[in-house]
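Q: This is the structure I want to talk about, given as structure tokens.
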Number of protein chains: 2
Amino acid sequence: MTKDDTFYSTEFLPYLLNQAAEAASLGFRQYYKERYGMLRTEWRVLFHLGQFGEMTAKEICDRANIHKTKISRAVAALEKKRFIARRTMENDRRLEELFLTKSGKQVLEDLQRRAKAFDQSLMEQLGEENARSLKRNLAILAGLKAD
Amino acid sequence: MTKDDTFYSTEFLPYLLNQAAEAASLGFRQYYKERYGMLRTEWRVLFHLGQFGEMTAKEICDRANIHKTKISRAVAALEKKRFIARRTMENDRRLEELFLTKSGKQVLEDLQRRAKAFDQSLMEQLGEENARSLKRNLAILAGLKAD
DNA sequence: GCGTATTAGTTGAAAATGTAACTAACAACA
DNA sequence: TGTTGTTAGTTACATTTTCAACTAATACGC
């Protein structure tokens, strides 16, 4: 009778992923929270706007895989902070094009620079080769196209 | 003027980790939620009890890196479902030793078997070699000792 | 022993999230 | 045009999480 089919939590991929995600986000999350009073979804919306230029809430939902209510609230919060603004689209008045304001751009610039550095420091913890492989694997699991 | 220091969200490790963690937990979370009405923290508490045997809430907090209020509520919920029970410790009456009930053991057995299979299917998505390397890297980021 | 500090765990209120129902605008088509 | 269906986005409400204050028990210094 083989009693050694013990399955440890640290072998369970979802658990590991969550722990690692928690640990890895901590530092950065703290920064944008304390500095700009932003929530994670807000940071993501900002990031996406910076990356893809003006886009609608729906497009962000799809790209970032975040539910529309979360996006809706994040957009409202960012608007209140005057980091973004919106413009109803002429051809389809259900859609609103979101865009960064001047101060939004400044904030994003700061956050991106820090994100980059933060990422860099995480990668160094793992080593170039490992880090690259890690990202590739994560992209697969996340269902993103591999680069 | 080099304008191509664009930093993409999919290059940002915390973002990737979160996306992957989300995607990877989804299927399993759905199962224990629908089947046993359990929340993630409850499943983790159960898992830890199965793994380490009787232990106190504090010990679970430390091991799993979960805040004590979350654990406290998870423990209360599991107790209500009669999956675990507690026993105040003789030598220090602030501490309560948690242990699985009979039905708790059954539930855990089911969940562990499924977790194992679920894990297996995720690993297959990546291939043996990749999966192994992924887990190693995650353990490092999570601050767990590598195995 | 007595006062103060810590520690395990709980609780209540506030913040955030998830879910489902809603509004407004468009589309399709008789 | 009018009916029906779909889509973008918001809102309301229930559940979950977070944060801070709390209780009860122990530990420490004297």
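The values are calculated or read from the model by the stated rules, or taken from the named source; none is laboratory data. Fair warning: this is a prediction, and the values are worked out from it, not measured in the lab. Cβ: placed from backbone, ideal geometry, glycine included. Neighbour counts: every protein chain shown.
Q: Output the number of the condition that B:A146 fails; it satisfies all remaining conditions of (1) surrounded by fewer than 16 Cβ atoms within 10 Å (Cβ to Cβ); (2) more than 16 Å from DNA strand C (Cβ to nearest atom); (3) modelled with pLDDT of 95 or more.
A: Status for B:A146: all satisfied but (3).
Q: Moving on. Among the numbered criteria (1) facing another protein chain (nearest Cβ under 9 Å); (2) under 19 Å from B:A23 (Cα atoms), which one does A:D62 miss?
A: It fails just one condition, (1).
Q: Right, something else. I'm trying to understand the selection: among the residues of region A:73-98, which are near DNA strand D (Cβ under 10 Å from one of its atoms), among the acidic types (D, E) and more than 25 Å from the chain's Cα centre (by Cα)?
A: Result: A:D92, single match.
Q: Here's a follow-up. Within region B:65-74, is there a residue that is among the hydrophobic types (A, V, I, L, M, F, W, C), closer than 16 Å to A:L17 by Cβ, more than 8 Å from chain A (Cβ to nearest Cβ) and crowded, with 17+ Cβ neighbours inside 10 Å?
A: Within region B:65-74, the subset among the hydrophobic types (A, V, I, L, M, F, W, C) is B:66, B:71, B:74.
Of the ones still in play, those that are also closer than 16 Å to A:L17 by Cβ are B:66.
Subsequent filtering for residues that are more than 8 Å from chain A (Cβ to nearest Cβ) retains B:66.
Okay, now just the ones that are also crowded, with 17+ Cβ neighbours inside 10 Å, so B:66.
Within region B:65-74 (the criterion being among the hydrophobic types (A, V, I, L, M, F, W, C), closer than 16 Å to A:L17 by Cβ, more than 8 Å from chain A (Cβ to nearest Cβ) and crowded, with 17+ Cβ neighbours inside 10 Å), the answer is yes, since at least one residue qualifies.
Q: Let me ask something else about it. Looking at region B:104-118, can you tell me whether even one residue there is surrounded by fewer than 19 Cβ atoms within 10 Å (Cβ to Cβ), away from DNA strand D (no atom under 16 Å from the Cβ), small (G, A, S) and modelled with pLDDT under 95?
A: Among the residues of region B:104-118, not one is surrounded by fewer than 19 Cβ atoms within 10 Å (Cβ to Cβ), away from DNA strand D (no atom under 16 Å from the Cβ), small (G, A, S) and modelled with pLDDT under 95, which makes the answer no.
Q: When only residues in region B:1-51 that are small (G, A, S) and part of a helix (DSSP H, G or I) count, which is farthest from the chain's Cα centre (by Cα)? It would help to see each step written out before you state the result.
A: Restricting attention to region B:1-51, the residues satisfying the condition of being small (G, A, S) are B:9, B:20-21, B:23-25, B:27, B:37, B:50.
Adding the requirement that they be part of a helix (DSSP H, G or I) leaves B:9, B:20-21, B:23-25, B:27, B:50.
Working: B:S9: 26, B:A20: 15, B:A21: 11, B:A23: 15, B:A24: 12, B:S25: 10, B:G27: 14, B:G50: 12 Å.
Looking at residues that are small (G, A, S) and part of a helix (DSSP H, G or I), I get B:S9.
Q: Next question, about the same structure. Pairs needed: first member in region B:85-101, outside any strand (DSSP E or B); second member anywhere, of a type in the set (D, E, K, R); C-beta distance under 8 Å; at least 6 residues apart or different chains.
A: That search, which allows pairs on different chains as well, returns B:M89/B:E96; B:M89/B:E97; B:L95/B:K58; B:T101/B:R82.
Q: Which residue out of A:R82, A:R87 is out of contact with any strand residue (DSSP E or B) (no Cβ under 8 Å at 6 or more places or on another chain), away from DNA strand C (no atom under 13 Å from the Cβ), charged (D, E, K, R) and farther than 27 Å from B:E11 by Cβ? Give the derivation first.
A: On the way: A:R87 fails: out of contact with any strand residue (DSSP E or B) (no Cβ under 8 Å at 6 or more places or on another chain).
Result of the check over A:R82, A:R87: A:R82.
Q: Give the number of residues within region A:101-144 that are among the basic types (K, R) and more than 16 Å from the chain's Cα centre (by Cα). Spell out how you get there, then give the answer.
A: Taking region A:101-144 first, the residues among the basic types (K, R) are A:102, A:105, A:113-114, A:116, A:132, A:135-136.
Cutting the leftovers down to more than 16 Å from the chain's Cα centre (by Cα) gives us A:102, A:105, A:132, A:136.
Number satisfying all stated conditions: 4.
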